[in-house]
Amino acid sequence: MIIAEELPAWAALLVALLLLFGTGLSLTGALGLLRLGNFYQRVHAPTLGATLGAGCVLLASMIFFSILQTRPIVHEVLIAVFVTVTTPVTLMVLVRAAAHRDRSEGTFKEPGGRS
Amino acid sequence: MSAQVLHWSLTVSQLFLTLAMACAAFRMLRGPRAQDRVLGLDTLYGNAMLLMLTFGIRTGSTFYFGAALVIALLGFVSTVAIAKFLLRGEVIE
């Protein structure tokens, strides 16, 4: 941690807060994955970490490297765009697969209460 | 002082992410059905990518960025492939 000595205090504090907030959201999402009742409820939980959690950690990384190297480093935008685009695609395909499996076994219930 | 703040926040962040990965791994190993296991795998990949980024901040090198990008790419491709397999019974039709 010799490198971080060069960082001004406000930047270190900002990076630390963003890191703690982002990873706390990721942990909350993973705990939801552990706690919630059925698959259709569980599929909502990890998106908390995939959107705002990942966004905060990526922003922290961007701020850290930009101030450390005194030039704008925006590599992390690549990961942010990629995660934003792929998460809905992944989860929609997965939920369609789950609904298909449940329908073929006759255990699928429509969300409105109709069976 | 700034090094202390950053050091402790990085340690706590890595602890949080490791716990999140443990939760996802539990759901992957114990998931009642196949789709729960795939969801656990997807969460595991996402948290591993964030852990790589925190390692990058800790060491101050940008090499970990490439690892994080590769993990995100492979996670997306593998999750979609397994979900497609669950949906159709084959990956590429």
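The values are calculated or read from the model by the stated rules, or taken from the named source; none is laboratory data. Keep in mind that this is a model prediction, so the values were computed, not measured. Note that we place each Cβ from the backbone using ideal geometry, even for glycine, and neighbour counts take in every protein chain shown.
What to note about this one:
- Candidate set: region B:62-90, residues that are in a loop (DSSP other than H, G, I, E, B) and more than 9 Å from every other protein chain (Cβ to nearest Cβ); chosen: the one modelled with the lowest pLDDT: B:90
- Check on residue A:46, within 11 Å of the chain's Cα centre (by Cα) and either farther than 18 Å from residue B:45 by Cα or free of Cβ contacts under 8 Å to residues at least 24 places away in the same chain (or both): yes
- Against the list (1) at the interface with another protein chain (Cβ under 7 Å from one of its Cβ atoms); (2) surrounded by 17 or more Cβ atoms within 10 Å (Cβ to Cβ); (3) closer than 28 Å to residue B:84 by Cα; (4) at pLDDT 90 or above, the condition residue B:53 fails is (3).
- Looking across A:85, A:74, A:89, one residue alone is exposed (fewer than 14 other Cβ atoms within 10 Å of the Cβ) and not in a helix (DSSP H, G or I). It is A:74.
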